[in-house]
Each structure stands twice: as C-alpha cells, then as structure tokens.
Amino acid sequence: MATIDAFLEALTLEPVGEDRYRAINLPSVHGVVFGGQLLAQSIMAGLAGQEGKAVKTIHTVFARGASHEAPVEIAVDRMHAGRSVASSTVTITQGDQLVTRSLVLLSAEEEDVIRHADGRRSSSSADDVADHVRGEGAWEIGIVGNVDISDPELLGPPELDVWVRFAGAPDDPATDQALVAYSTDGFLIGTAMRPHAGVGQAQAHRTLSTGVLSHTLTYHERCPAAQWHLLEQRATYAGHGRSYGRGEIFRDDGQQAAAFVPDAQIRARSGGSGKL
C-alpha cells in the first residue's frame, strides 16, 4: 500500500536526456504496472515544457503491460505550443517494449463565453461511505452501497459510484490532475462484470485476462486530489471480449470536474501475465 510520498516519487520524472525521462513504479500485487500510474505519469510528462497550461484531454492507448520491477522510460514530443492551446505526444517504454502512447492536449485558462454542467446522478455524499472506506495506502476508496465488485456471485446493474481521495496530497494543480487520473483506471471493468453471474474482478489476471486498451480523460475544472471526489460510472456495453463505459467526476461541492471513457478487454486468459 503506497504512501503519498510513494505516489509523489512515482510522479517525479528523472531527466535522462532532452525530452527523455525515467520514472519508478508503485508496487503491484499482480506484478503488472497499474494503468492509472501510466496515465498519471503521462500527464506529468505532457505538462513538461508547457508552462502556464493544464491538461485538457489525454487519450492513451495501452499497447502492452509493464513489469513493476523495472523503471519506465518516457519520451515527450511537443507537437505545438501556442498561447492558449498546446499539445504533446508521450510515449512510455520499458526496455525495448512500447507500453503506452498518449496524445495530450493542454490549454491555458480562459474566461467563460457560455457555461453549464450536468449535475450528479447520485445523491450520496462522502459521509455515506465513511464506515467502509478501503485504504490502498494514501488512495482512500469508498464504494457507495459497499458493493464488492470482486465477488463473482454478487449481481447488480452495470453502474458504480465511488468516492476517492489521496490523503495528504499537496495543493498542486499538476499533481491533482495526475492523481485524479490514477483513479479512473480502477473500476469500470468490474462495473461491466456486475450484471453477469460467475464473473468478478477477483478473477482478473487469474482466469480472466482484463485490462484497459484505450482511455480518454477530459478535465473541466480543477479537482483537488486530497479532497473527496465522486466517480459516477456506467458500463454501457460488454461483448466480443470487450467492455466500454463512461465515468463522470464530481467534486464534493457537486461541481462536475472531469469525464473519462475507457475501452477494455475481458476475455478468457491465455498466455502469461501482462499479455493481451
């Protein structure tokens, strides 16, 4: 279970050349680097050299798994750096294997021309999960209704609401974006399994081969990672060895802060850990 210092160390990119970095991994129970870590590191890399801007959208393709035992190498290609909009390509490799590639769109803060935002579907609050918060170290998780997405026999709709925060995270916009991204990789595969008897997250990397194949995340407003924020998620499709869904992120004050769309695989396992 990672401390906040361990999270921050993994988000610290060590320069090893021009637009080239190295980063360590957080521990993994399955031996494969968690996709949320790669998303978070890609955001930090996308921000490199793009001062005065925040990430607006990141689209990541996960080509293959990475071992947590060796550091990852990160290459940044700054495609454009304008006054209001910028973009970078971020490629993560390990050894001679390409792991992920991301397109990162960045934006300077701009004034409203028009404004509206969806409200939350859920009426829950962080207080509702206080008695069953699960601590993954600094990453604190409270699933509304205390749903166990690991249980293959527990049936429910393909929806899941999860309150999360990173206890002790610093007040830093870049770190906020990276840590918020970390959580978005964690729940929609299990959410897609909920309506199906005999299938649960506990089978991942054992009898089922699961993993996010592509992930798009768009930020609307700042979302402090140290404060509770809600992931409202729905898996809208599952079939042909794939699942697809959408999540909305709301701050504790009800403001919509971000949205994400993962495309994942769920299929009978063959081959070794990390193979797709």
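Some points to look at:
- Criterion: out of contact with any Pro (no Cβ under 9 Å at 6 or more places or on another chain) and either open to solvent by 20 Å² or more (accessible area, probe 1.4 Å) or under 15 Å from Val90 (Cβ atoms) (or both) - qualifying residue of Ile58, Ile24: Ile58
- Segment 79-101, residues that are surrounded by 10 or more Cβ atoms within 10 Å (Cβ to Cβ) and more than 30 Å from Gly211 (Cα to Cα): His80, Ala81, Gly82, Ser84, Val85
- Among the residues making up segment 27-55, a single one is without any contact (Cβ under 8 Å) to a residue 60 or more places away in the chain, touching a strand residue (DSSP E or B) at 6+ places or on another chain (Cβ under 7 Å), open to solvent by 30 Å² or more (accessible area, probe 1.4 Å) and small (Gly, Ala, Ser): Gly49.
- Test: residue in segment 68-84 that is touching a strand residue (DSSP E or B) at 6+ places or on another chain (Cβ under 8 Å) and touching a residue at least 60 places away in the same chain (Cβ under 8 Å): yes
- A residue that is farther than 30 Å from Ala48 by Cβ, of a type in the set (D, E, K, R) and not in a helix (DSSP H, G or I) occurs nowhere in segment 169-189.
- The residues listed here are Gly254, Gly241; of these, the one that is touching a Gly at 6+ places or on another chain (Cβ under 9 Å), surrounded by fewer than 16 Cβ atoms within 10 Å (Cβ to Cβ) and of a type outside the set (Ser, Thr, Tyr) is Gly254.
- Some residue of segment 121-139 being at pLDDT 95 or above, crowded, with 17+ Cβ neighbours inside 10 Å and either assigned to a strand (DSSP E or B) or polar (S, T, N, Q) (or both): yes
- Tabulated pairs, segment 129-155, first under 11 Å from Arg194 (Cβ atoms) and of a type in the set (A, V, I, L, M), second open to solvent by 30 Å² or more (accessible area, probe 1.4 Å) and part of a helix (DSSP H, G or I), C-beta under 6 angstrom, 6+ apart or interchain: Ile149/Gln201
- In summary, Gly168 fulfils each of the numbered conditions (1) open to solvent by less than 10 Å² (accessible area, probe 1.4 Å); (2) of a type outside the set (A, V, I, L, M, F, W, C); (3) over 21 Å from Asp263 (Cα atoms) with the single exception of condition (1).
- Residue among Val113, Val104, Val76 that is surrounded by fewer than 17 Cβ atoms within 10 Å (Cβ to Cβ), modelled with pLDDT of 95 or more and farther than 27 Å from Ile266 by Cβ: Val113
- Scanning segment 4-21 for residues that are in a loop (DSSP other than H, G, I, E, B) and open to solvent by less than 50 Å² (accessible area, probe 1.4 Å) yields a count of 3.
- Residues satisfying the stated conditions in segment 208-226, i.e. more than 19 Å from Val33 (Cα to Cα) and among the hydroxyl-bearing types (Ser, Thr, Tyr): Thr218, Tyr219
- Residues in segment 50-73 that are within 13 Å of Val33 (Cβ to Cβ) and either part of a loop (DSSP other than H, G, I, E, B) or hydrophobic (A, V, I, L, M, F, W, C) (or both): Phe62, Ala63, Arg64, Gly65, Ala66, His68, Glu69, Ala70, Pro71, Val72.
The values are calculated or read from the model by the stated rules, or taken from the named source; none is laboratory data. Since this is a predicted model, take the numbers as computed values, not measurements. Here Cβ is always computed from backbone atoms with ideal geometry, including for glycine, and neighbour counts include all displayed protein chains. The protein model used for the area step is the full one, side chains on, heavy atoms only, and it has no ligands, DNA or RNA in it. Shrake-Rupley method; radii C 1.70, N 1.55, O 1.52, S 1.80 Å.
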